[in-house]
1. Test residue B:94 against the stated conditions and say whether it is within 27 Å of residue B:37 (Cα to Cα) and open to solvent by less than 30 Å² (accessible area, probe 1.4 Å).
2. Is one or more of the residues making up region B:36-58 at positive phi and open to solvent by 70 Å² or more (accessible area, probe 1.4 Å)?
3. Could you please give the count of residues in region B:119-137 that are crowded, with 19+ Cβ neighbours inside 10 Å and out of contact with any His (no Cβ under 8 Å at 6 or more places or on another chain)?
4. Can you find a residue in region A:194-201 that is in contact (Cβ under 8 Å) with a residue 24 or more places away in the chain, away from chain B (no Cβ under 13 Å) and surrounded by 21 or more Cβ atoms within 10 Å (Cβ to Cβ)?
5. Out of curiosity, is residue A:167 under 24 Å from residue B:118 (Cα atoms), away from chain B (no Cβ under 14 Å) and either open to solvent by 30 Å² or more (accessible area, probe 1.4 Å) or not in a strand (DSSP E or B) (or both)?
6. Pull up region A:276-295, narrow it to residues that are among the hydrophobic types (A, V, I, L, M, F, W, C) and within 14 Å of chain B (Cβ to nearest Cβ), then point me to the one that is farthest from residue A:85 (Cα to Cα).
7. Do you know which residues across region B:136-153 are within 14 Å of chain A (Cβ to nearest Cβ) and either part of a loop (DSSP other than H, G, I, E, B) or over 15 Å from residue B:171 (Cβ atoms) (or both)?
8. Restricting attention to region B:55-72, report how many residues are away from every other protein chain (no Cβ under 14 Å) and in contact (Cβ under 8 Å) with a residue 24 or more places away in the chain.
There are 2 protein chains.
Amino acid sequence: LSRNKPETRKRAKKSIKVAFQGVIGAYSEQAALNFFKNETLELNPRKEFEDVFSAVKRKSVDYGIVPLENSLTGSIHQNYDLLLKNNIWVSGEIKLRISHNLLCKKSTKKQDIRNVYSHPQALMQCQGYFKSNNSLINTPYYDTAGSAAFVAESDDKTIAAIASKNAAKEYGLKIVASKIEDNEMNFTRFIVLENKPKPVSKTSGKTIVKTSILFSLKNIPGALYKALSIFAIRDIDLFKIESRPIPGSPWKYLFYLDFAGSFDDSHCQKAVEHLKEISELVKVLGSFPADLSKS
Amino acid sequence: LSRNKPETRKRAKKSIKVAFQGVIGAYSEQAALNFFKNETLELNPRKEFEDVFSAVKRKSVDYGIVPLENSLTGSIHQNYDLLLKNNIWVSGEIKLRISHNLLCKKSTKKQDIRNVYSHPQALMQCQGYFKSNNSLINTPYYDTAGSAAFVAESDDKTIAAIASKNAAKEYGLKIVASKIEDNEMNFTRFIVLENKPKPVSKTSGKTIVKTSILFSLKNIPGALYKALSIFAIRDIDLFKIESRPIPGSPWKYLFYLDFAGSFDDSHCQKAVEHLKEISELVKVLGSFPADLSKS
């Protein structure tokens, strides 16, 4: 058959393998599809975040994609811990608007829907919709995409799921209502993981390069002020700073810092060398083009 | 009856009303019991965090208690947003070790348990226990304490719940296994809310007073560095700093800052006045004795 379709063969590129946590149709999968929008993808769903990291480390995939922070629920410390533990490079980021949809089988009538399955967090984020559609009963499920798969497999014509548009497409469901979340300022920032550091082209046009680091300071007076002065005296702008207490060590913190610039640039390397003088630990996680689209 | 028990009457104090989000037996209730351990409490469970804030505002309770950050999952932005929106005073904090237990009816035999109900996050935090007890099936439920109530009400002798010790006591369940969570570094920091600012006694002995503020900076170069210098030049130590992007405003952030000292002290007031010179918004959330027990 392919012999009769030379144009298909011509267009076919080598597909790249991307691991993500969750099932097909998860928001992480959507983030991967958006990030690699011009590529042919082979998507690898994994059970745990840890499995995504180890797949990248073992090179059984080309990339991994994991969420790092959400605008409503904050930083995902579990993934920062995995970045600290594993030698892995962050080579990209993408922000995804989390928008929920009510999905059911094509043969189900909207007015027949009674039980709505989804992850409790998604159900909680759609409380307004449940209040104005009070015949619907919300029922907790493991994850959003999984609830869509469950509805697709069931013969029950009174059930629906809350999940992404992508999940609707994947499981052949119809979208009965879209954007049903209460707060539209719901964004998740995902990072792209690679096995080895990758050089980042310098700021070109509107692209701003961002470097992410983790550090913990020596117990000296005004340590954080000194750490930030290292960046201020070099006119390096900061994107994100977050302190996290290190359990068992009172007054000790692990800092998450994102600054403007590439680790390929010598002034950024010098800033990091300077930071090491007053730190117990400094780990450069990666440099990559910043996604400023949703902030 | 009470006439025959003068000692009870003698000990009886005026009970104080405390609102928390969730149902009786929730971790928030346990935080309230630990914080007000020498008081007679009248606990008010509320459906939403917002309801806790409005109960405090309307003075229908004396105090509210809400979680602000978890060591594994990060800051709870929703409650920071409610602190920003409402004129309310933070007058205390308490850290609670989140420890999960397997609970069932007293008549249920451990070997008969099949379905285990709890919040998906709690189920996820006990994966190791499920792996080594593979006859158990984990089943998602709205919340931990709610799953304990469900097990208590059910006639099914093959079900159990994962919840706090407090929930076991509250719903008359027995603890089949305790500390079943994979990661013992699971702490939640709760804050105590009051209607009006309350003076805090100065640092006495080992007590360290902490002040929490929110601020957003003017768009000037090195703004954060300048903000931190305000505290550094006054030798004010910082406990926590976190930046959070303000959606719709690129390069603009809302900062969460906890520093050592009471807002009753003039040097702290002067630091806040100084911060206002370079800020668009500064909001003092409260001053209170720091709970350094779990950090």
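1. Working: within 27 Å of residue B:37 (Cα to Cα): yes; open to solvent by less than 30 Å² (accessible area, probe 1.4 Å): yes.
Answer is yes for this residue.
2. No: zero hits.
3. The total comes to 3.
4. Yes, region A:194-201 contains a residue that is in contact (Cβ under 8 Å) with a residue 24 or more places away in the chain, away from chain B (no Cβ under 13 Å) and surrounded by 21 or more Cβ atoms within 10 Å (Cβ to Cβ).
5. no
6. Within region A:276-295, the first condition is being among the hydrophobic types (A, V, I, L, M, F, W, C), and the residues that meet it are A:278, A:281-282, A:284-285, A:288, A:290, A:292.
Still in the list and also within 14 Å of chain B (Cβ to nearest Cβ): A:278, A:290, A:292.
Numbers: A:278: 22, A:290: 24, A:292: 28 Å.
The selected residue is A:292.
7. B:137, B:138, B:139, B:140, B:141, B:142, B:143
8. 11
The values are calculated or read from the model by the stated rules, or taken from the named source; none is laboratory data. Remember, it's a predicted structure, so these values are computed and weren't measured experimentally. In this analysis, Cβ positions are derived from the backbone assuming ideal geometry, glycine residues included, and neighbour counts consider all displayed protein chains. Each accessible area value is taken on the protein alone, full model and side chains, heavy atoms only, with ligands, DNA and RNA left out. Shrake-Rupley method; radii C 1.70, N 1.55, O 1.52, S 1.80 Å.
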